[in-house]
1. Quick one: in the range 1-51, what % of C-alpha pairs are over 14 Å apart?
2. Can you tell me, using C-alpha contacts under 8 Å and at least 6 residues apart, the relative contact order of the chain as a whole percent?
3. Taking only Cα atoms of the range 1-93, what ratio of Rg to Rh do you get with Rh as the Kirkwood inverse-distance radius?
4. Pick from 75, 49, 107: which is most flexible by mean-square fluctuation in a GNM of the chain where alpha carbon atoms under 10 Å apart are linked?
5. Among 29, 79, 92, which one shows the biggest mean-square fluctuation in a GNM of the chain, springs joining Cα atoms closer than 10 Å?
6. If each residue of separation counts as 0.36 nm, what is the full-extension length gain between residue 55 and residue 7 once their alpha-carbon separation is subtracted?
7. What ranking of 85, 98 emerges when the number of other C-beta atoms within 10 Å of each C-beta is taken as an exposure proxy, fewest first?
8. FRET efficiency for residue 108 and residue 33, Cβ-Cβ distance as r, R0 = 22 Å, nearest 0.05?
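What follows is calculated from the coordinates using simple rules that are stated; it is not laboratory data. All values derive from a computational prediction rather than experimental measurement. Because the Cβ atoms are built from the backbone with ideal geometry, glycine has one as well, and the counts that use them run over all protein chains shown.
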């Protein structure tokens, strides 16, 4: 499940994974959140936190995430996780993305938020 992170600097959107991230989470949480930013013609600044409560991606969810992330008009995006496979996948994908994307470890969450907000 994905939930919106509320306590972020102005202009930064945050999504936190709790348990398993399902394919439906992209249609119900990610797309409306991103569409709202795009509709305002604002720069997309996103923190995606896959912290200790994250247990994995459900069927089709990883593919949807990587597909969605390639088409999003990022200004800055941070993926925060200690999962090395996800970090490697994002670091490979970031060369195909529009905008700056970095990975951070869970203990670097405050630095990720600060970087995205700058």
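1. 50
2. With pairs under 8 Å counted, the relative contact order is 26 percent.
3. Looking at the range 1-93, the ratio lands at 0.93.
4. Looking only at 75, 49, 107, the largest GNM fluctuation is found for 107.
5. 92
6. Extra length from residue 55 to residue 7 when fully extended: 15.0 nm.
7. The fewest-first ordering by Cβ neighbours comes to 85, 98.
8. 0.45
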